[in-house]
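The values are calculated or read from the model by the stated rules, or taken from the named source; none is laboratory data. Predicted, not measured: the structure shown is a model, and the values here were computed from it. Positions of Cβ are backbone-derived with ideal geometry, glycine not excepted, and every protein chain shown enters the neighbour counts. Note: accessible area is taken over every heavy atom of the protein model, side chains too, but ligands, DNA and RNA are not part of it. Shrake-Rupley method; radii C 1.70, N 1.55, O 1.52, S 1.80 Å.
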Amino acid sequence: MRTGENVSKEKLIALEACSHRVIIPLYIPNEEGYYKESFKVFELCLHSILKTAVSPIKISVVSNGSSKVVNTKLLKLSEDGYINELIIENEGIGKINSILKALKTSEERLVTITDADVLFLNNWETEIIKIFEAFPKAGMVSPVPVFRSHLRLTSNIWWRYLWSKKLMFRPVKNPESMTRFAKSIGWSRLDLKYKDVIGTLKSKNNTLAVLGNAHFVGTYKQEVFKKIPDENSKYKLGGDSEHLYMDSPTVKAGGYRLATYNNYAYHMGNTIEPWMETEFLELKQEEKTHNRFNNLKVLKPSLLDYFFSEKIFKKIFKYKPLKKAIFKFKGLNKEQIKNFG
């Protein structure tokens, strides 16, 4: 039997002002072998975000089939105020479906989706905002420029700036960071041919952005997610899931996929190395100032632009003699043209 009246009835929801949310899908089934140091890596990721963000970011963590021990640790972090939203799934629902869980209630203007093994550096949020402001059509911006991203779902950029000197190959700003990224994914080294020049786009105010990006960390405009599939992903990891849910929606929404010219985050992998702890200790605590990001232009998809860039221009661009001629016009020499796909 119900007695009395629920005091929450008819009350409006009042939340702390926030315009930027970070979503972290987490899968740590145990703390042995491959996953032995995964939680420590995650903690570096989490605290680096909190330390370096310049706006009052809210953090959502989705534990996807992690062990009870890991979930207990996450609950403690949530109780201590380091996590704003904690979703615990006892079954492994997969990386993409974990992200979708948090996206359903997200209303923030910007949403950063990151793997749990990314170390964020000072100025990452500031530099991402600069890219969004300088390039109104930016839909996703990563704080990590990676090699050979110039043709990763960037046909709409090439189509728009084909004859413009704003799109050019320029020297890599931070070659060492690219080497670190290569090592984090298991490469022993990175040849010079991968880190001498990179595809870039220059804005009217001379802001430089890198063409394309990797999807292990990126900040999206909220409207991009209107273009994700309605159904859940059928893959736990891999397959075409990240392409369908994380990559192509930006293009379908009429946006550009870009990265910062300099490096503002590191991919750590599954083990702690001394340099990671050193980098973390050197991070400066940023003051949080509220920014509603109202000046960021809303993306407006165009079926005509999408058709020409994705269905026609992309096919034409695959013609090797034409591609070589364009790459030469964009600043590559003969040897570099041989090394660029």
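Taken over the range 163-184, the residue count meeting the criterion of being out of contact with any Phe, Trp or Tyr (no Cβ under 7 Å at 6 or more places or on another chain), open to solvent by less than 80 Å² (accessible area, probe 1.4 Å) and either aliphatic (A, V, I, L, M) or over 19 Å from Thr271 (Cβ atoms) (or both) is 9. Scanning the range 292-309 for residues that are out of contact with any Ser or Thr (no Cβ under 6 Å at 6 or more places or on another chain) and either touching a residue at least 60 places away in the same chain (Cβ under 8 Å) or surrounded by 15 or more Cβ atoms within 10 Å (Cβ to Cβ) (or both) yields Asn294, Asn295, Leu296, Lys297, Val298, Leu299, Pro301, Asp305, Tyr306, Phe308.
Which residue is most open to solvent (accessible area, probe 1.4 Å), if the candidates are limited to the range 319-341 and must be hydrophobic (A, V, I, L, M, F, W, C) and free of Cβ contacts under 8 Å to residues at least 12 places away in the same chain? Step through it out loud before you land on a result.
Just the residues of the range 319-341 that are hydrophobic (A, V, I, L, M, F, W, C), to begin with: 322, 325-327, 329, 332, 337, 340.
So of that shortlist, the ones also free of Cβ contacts under 8 Å to residues at least 12 places away in the same chain come out as 322, 325, 329.
Numbers: Leu322: 59, Ala325: 58, Phe329: 75 Å².
Here the residue is Phe329.
Here's a check for you: in the range 100-127, which residue that is of a type outside the set (Val, Ile, Thr) and in a helix (DSSP H, G or I) is most open to solvent (accessible area, probe 1.4 Å)? By that ranking, first place goes to Lys101.
Gly238 meets all of the listed conditions (1) of a type outside the set (Lys, Arg); (2) at pLDDT below 90; (3) buried (at least 17 other Cβ atoms within 10 Å of the Cβ) but one, namely (3).
Quick one: would you say Lys284 is exposed (fewer than 15 other Cβ atoms within 10 Å of the Cβ) and either of a type in the set (S, T, N, Q) or closer than 17 Å to Arg109 by Cβ (or both)?
On the way: exposed (fewer than 15 other Cβ atoms within 10 Å of the Cβ): yes; either of a type in the set (S, T, N, Q) or closer than 17 Å to Arg109 by Cβ (or both): no.
No.
Going by what's in this entry, would Ser106 be described as among the small types (Gly, Ala, Ser) and free of Cβ contacts under 8 Å to residues at least 24 places away in the same chain?
Values: among the small types (Gly, Ala, Ser): yes; free of Cβ contacts under 8 Å to residues at least 24 places away in the same chain: no.
No: the conditions fail for Ser106.
Could you please let me know if Val54 is open to solvent by less than 40 Å² (accessible area, probe 1.4 Å) and in contact with a Leu (Cβ under 9 Å, 6 or more places away or on another chain)? No. So is Glu91 surrounded by 18 or more Cβ atoms within 10 Å (Cβ to Cβ) and of a type in the set (D, E, K, R) or not? Considered against the rule, which asks whether it is surrounded by 18 or more Cβ atoms within 10 Å (Cβ to Cβ) and of a type in the set (D, E, K, R), Glu91 comes out as no.
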